[in-house]
Ligand code: NAD
Ligand code: ZN
Ligand code: ZN
């Protein structure tokens, strides 16, 4: 089968022919229906050296996957060939305290996981191929009626990651609150919809690109702003001088982190999702009183069930641009050039 593979660090992906895997005991082979192209893959291609992550290329890219059950390994029950499924991407050991809590993203025993801190497309072969080997059936969620794999694939990361980040701040997002979403790409445009579907907060979106700001407005943002010297002041003015209750930074650069700190209100959550590598200095007068700063990584199975439910009900809808597997390299080029609105999705 064809697969888009990362051959080594600091390299572009290449389309190669590889063997179709066969599922061993407990494993499931999924026929890929769609695989989203995440900006993290661009970071994988360009930003890491050997030793920078606990795993290494070569592997097939694509960590945002949905499709249909193709074959069940020995002992797997509860699924039928042909059944549509979404793939939960973070694959932990399955037996440690965190994994038992369903939080496989923060597995305590990464040494016992299929790959430490990763999953398919992140150290192991991912979904930019015709088939994807999933190591355990607990990493699969049946698709609810009304959601096909092309709609579902972006929800497994671009939807799930903001959902996790926003839900942990739900208690700060009452009707008088304001949330700020910085970066309205794959994650950001779904993050705005998560805020609209699950809270009554006002939503301010920030992006350098006009097309992304238009998308933010279509997704329900109350205000969409470009970065600029007076950005934080404009957000403060919008909130009657108080500042934002929750800022979710889907970029994570020095400038966006500085904006987050400058527009946040005392007791705010500043949640860093983007991995652009910026830093935010911490000092007594440098942050609003009792502001909490956190990074978050992806989301868990239970949250994906909720995200897919919102998707099936039309409350979360990824704006997608479809590419074939032959054009997957182009999908990443377009993503790097900032010409994708919403999510680029590869349909093999
Ligand atoms: P994307 O390229 O689709 O979107 C990024 C958006 O940010 C674009 O619209 C771009 O115009 C905008 N942008 C860039 N610089 C900006 C700036 N200085 N100010 C305002 N807007 C700016 O990317 P994506 O796939 O949505 O991913 C976003 C980030 O989140 C990436 O860094 C990615 O690696 C990371 N990510 C993190 C997790 C996690 O679990 N923490 C999961 C997925 C992706
Ligand atoms: Zn991702
Ligand atoms: Zn574990």
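Just to be sure, is residue 307 assigned by TED's automatic domain parsing to the domain that holds residue 37 and within 16 Å of ligand 1 (Cβ to nearest atom)? When the stated conditions are applied, residue 307 passes them.
Residue-wise test of (1) under 19 Å from the mean Cα position of the chain (by Cα); (2) within 16 Å of residue 298 (Cα to Cα); (3) more than 16 Å from ligand 1 (Cβ to nearest atom).
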site: 100; (1), (2), (3): no, no, yes
site: 103; (1), (2), (3): yes, yes, no
site: 106; (1), (2), (3): yes, yes, no
site: 111; (1), (2), (3): no, no, yes
site: 134; (1), (2), (3): yes, no, yes
site: 146; (1), (2), (3): no, no, yes
site: 156; (1), (2), (3): yes, yes, no
site: 171; (1), (2), (3): no, no, yes
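Taking residues in region 208-219 that are closer than 16 Å to residue 317 by Cβ and not assigned by TED's automatic domain parsing to the domain that holds residue 337, and partners anywhere that are away from ligand 2 (no atom under 16 Å from the Cβ) and part of a helix (DSSP H, G or I), the pairs with Cβ atoms closer than 7 Å and at least 6 places apart or on different chains are 216/192; 219/192; 219/193. Is one or more of the residues making up region 44-60 within 18 Å of residue 149 (Cα to Cα), modelled with pLDDT of 95 or more and in a strand (DSSP E or B)? No, region 44-60 has no match at all. The set of residues from region 94-107 being without any contact (Cβ under 8 Å) to a residue 40 or more places away in the chain and closer than 24 Å to residue 306 by Cβ comprises 96, 97, 98, 99, 100, 101, 107. Taking the numbered list (1) at pLDDT below 95; (2) within 16 Å of ligand 2 (Cβ to nearest atom) in turn, residue 139 passes all entries but (1). In the set (1) touching a helix residue (DSSP H, G or I) at 6+ places or on another chain (Cβ under 8 Å); (2) on the phi > 0 side of the Ramachandran plot; (3) surrounded by fewer than 23 Cβ atoms within 10 Å (Cβ to Cβ), residue 130 fails one condition alone, (2). All told, residue 115 falls short of being in contact (Cβ under 8 Å) with a residue 24 or more places away in the chain, closer than 25 Å to residue 274 by Cβ, part of a loop (DSSP other than H, G, I, E, B) and not assigned by TED's automatic domain parsing to the domain that holds residue 328. Screening the candidates 36, 52, 75 for the property of being within 16 Å of ligand 1 (Cβ to nearest atom) and surrounded by fewer than 16 Cβ atoms within 10 Å (Cβ to Cβ) yields one hit, 52.
Only residues that are within 16 Å of ligand 1 (Cβ to nearest atom) and either crowded, with 24+ Cβ neighbours inside 10 Å or assigned to a loop (DSSP other than H, G, I, E, B) (or both): list them for region 85-98, please. Lay out the reasoning, then the answer.
Within region 85-98, the subset within 16 Å of ligand 1 (Cβ to nearest atom) is 86-92, 98.
If the condition is that a residue be within 16 Å of ligand 1 (Cβ to nearest atom) and either crowded, with 24+ Cβ neighbours inside 10 Å or assigned to a loop (DSSP other than H, G, I, E, B) (or both), then 86, 87, 88, 89, 90, 91, 92 are the ones that fit.
The values are calculated or read from the model by the stated rules, or taken from the named source; none is laboratory data. Predicted, not measured: the structure shown is a model, and the values here were computed from it. FYI the Cβ positions are ideal-geometry reconstructions off the backbone, even for glycines, and counts take in every protein chain you see.
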